Amino acid sequence: AGAAAAAAASEPQAAKVRGALASVRAAILDALCKGMVAASLCTPEYGDEVYGAILGLVWDLRFASGSERLDPAALKVLAGLVVVSVEMAQRFALRQSVAASLTSEAPSTLGAGFAAFEAACRGAPGQNPNALWPGVGLLLVVLISSLRPWGEPQYSYMEMLDSGSQGASVSPVRPPIWCSASVAAALAARLRAAVAARAPEAAEAVQPALCVGYGLELLAVICSIVFQHHQAQAASAEAVCRELQRALSQLDVVVDSVLTVMLRGGASRQALEDIRRAEGAPFGLATRGPLDGVLSLAALQGSLDDALHAGPSQGPPPSAWAWRVVQCLLAVEDPQVVLVGLGPRGLMRLLDLLARYREAIPPSLAALRLCLLLLWALQSLANQPRGERTGLPHIAAAVRTALDLVLRIFGPLSQGSAAVAELHTEFQSFQTVSVVLQFLAGAPPGAAAAAIAAAMGGLGPPGQLLSGT
């Protein structure tokens, strides 16, 4: 978050570098096309044929020459290609060679393409971490990015709050065959088996936990697409929901293993450095955090609960372990430990989950600090290019959500003048007044700005100052 604030201060330079990166990506793609034509592998007319051939070629190069070790260089090129456009992502996901490596003829098993991922999640004793990372991380980045055109877990509260969500429309193209309920169930079983098979010394290691977190995010995206695809089919929707819930029900131990490692001291910071090493994120802004996978799965659990209980609920459903995830994060005394584990999607998902369970959140100083810090961290999203915010709720909805949470927690804690004075020091520590003023200055006049200002009116002297402004 600190790096994000520094990047925001030099936004013109950051925009220039982003533009240069986009130009380089386009130039590389054009050079690859010309190379394929020169080698007589494709016709001179650029189109689906040449782009598909490039994706297939780079996918086939994902293993280092003469070994079964994933090649980070090839996978990094592939990760850049699948985000060039929605069409490129779909071309890759729908390729037969991709499906053949990820699926198996047996419905309860996965293809050989997941072998390195499983080994990384197990964290075998004596295993050289650099032999699997960052290749495994990049492989999962490619798979997750290629599925985004078909959807991802919803931000149910913020999407309901603001119809101006920046989410992309779901692709009408049928999802790839490796995006199915059977693959989801097999992936969930493999994750649980890998965590159960760990040696004691690997249980506290950062990279295996990070690989599991990536796997949870991929699982959440696959389950979300299957769920959304069957929602329109009333006859099968409930059966699919229950099948997905059965797959998720075996992941309690897996989720706990990630939280245990990532909420420990400097583990999240080390994981964040590993993510940056894998993804090459500019300006210290990683596209994901080590806790994003857990939060994606929790958001999916909420959507499945809503579908089975006929509508969103403000209290925690009895069957949902998503509420346990929220409780765990609320109990962390230092909110920076939580924030450093969040990417842009993780930040939005945590806010959305907190809003979902707002009636059940007990007021505490730790909860107030977390919400104030999340509000402060939203600055990093406000300065991102629109293309990088695709799929995220509108920033105004996130600010309103954060302020509503702060107001709910602040009220019960502010009984008595001494308590109010102590709590106001927390607002000063997290620069709440200046942060909200910046959001108001950048928001167009209308209901969103008025709602933000009205919410601040309930926070005592700092809030009244903002409301008047």
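The values are calculated or read from the model by the stated rules, or taken from the named source; none is laboratory data. Computed from a predicted structure; not experimentally measured. All Cβ positions, even for glycine, are placed from backbone atoms using ideal geometry, and neighbour counts span all protein chains on display. What goes into the accessible areas is simple: the full protein's heavy atoms, side chains included, and nothing from ligands, DNA or RNA. Shrake-Rupley method; radii C 1.70, N 1.55, O 1.52, S 1.80 Å.
Pick from the stretch 236-284 the residues that are within 29 Å of LEU70 (Cα to Cα), hydroxyl-bearing (Ser, Thr, Tyr) and at pLDDT 70 or above: which of them is least open to solvent (accessible area, probe 1.4 Å)?
It comes out as SER257.
If ALA53 satisfies all but one of (1) out of contact with any helix residue (DSSP H, G or I) (no Cβ under 8 Å at 6 or more places or on another chain); (2) in a helix (DSSP H, G or I), what's the number of the condition it fails?
(1)
Please go through the stretch 145-156 and pick out each residue that is crowded, with 23+ Cβ neighbours inside 10 Å and more than 11 Å from ILE225 (Cβ to Cβ).
SER146, TYR155, listed by residue number.
For the stretch 321-341, which residues satisfy the criterion of being open to solvent by 10 Å² or more (accessible area, probe 1.4 Å) and under 25 Å from GLN245 (Cα atoms)?
If the condition is that a residue be open to solvent by 10 Å² or more (accessible area, probe 1.4 Å) and under 25 Å from GLN245 (Cα atoms), then TRP321, TRP323, ARG324, GLN327, CYS328, LEU330 are the ones that fit.
So, in the stretch 346-366, of the ones that are in contact (Cβ under 8 Å) with a residue 60 or more places away in the chain and in contact with an Asp or Glu (Cβ under 9 Å, 6 or more places away or on another chain), which residue ends up most open to solvent (accessible area, probe 1.4 Å)?
So, considering only residues that are in contact (Cβ under 8 Å) with a residue 60 or more places away in the chain and in contact with an Asp or Glu (Cβ under 9 Å, 6 or more places away or on another chain), the one most open to solvent (accessible area, probe 1.4 Å) is LEU365.
Which one is modelled with the highest pLDDT among residues in the stretch 107-130 that are open to solvent by 40 Å² or more (accessible area, probe 1.4 Å) and among the hydrophobic types (A, V, I, L, M, F, W, C)? Steps first, answer last, please.
Step one: filter the stretch 107-130 for residues open to solvent by 40 Å² or more (accessible area, probe 1.4 Å), giving 107-109, 112, 115, 122, 124-130.
With among the hydrophobic types (A, V, I, L, M, F, W, C) added as a condition, the list becomes 112, 115, 124.
Numbers: ALA112: 78, ALA115: 85, ALA124: 67.
Among them, the one singled out is ALA115.
Return the residue satisfying two criteria in turn: it lies in the stretch 192-220 and is at pLDDT 85 or above and among the β-branched types (Val, Ile, Thr), and of such residues it is least open to solvent (accessible area, probe 1.4 Å).
Filtering the stretch 192-220 for residues that are at pLDDT 85 or above and among the β-branched types (Val, Ile, Thr), the one least open to solvent (accessible area, probe 1.4 Å) comes out as VAL212.
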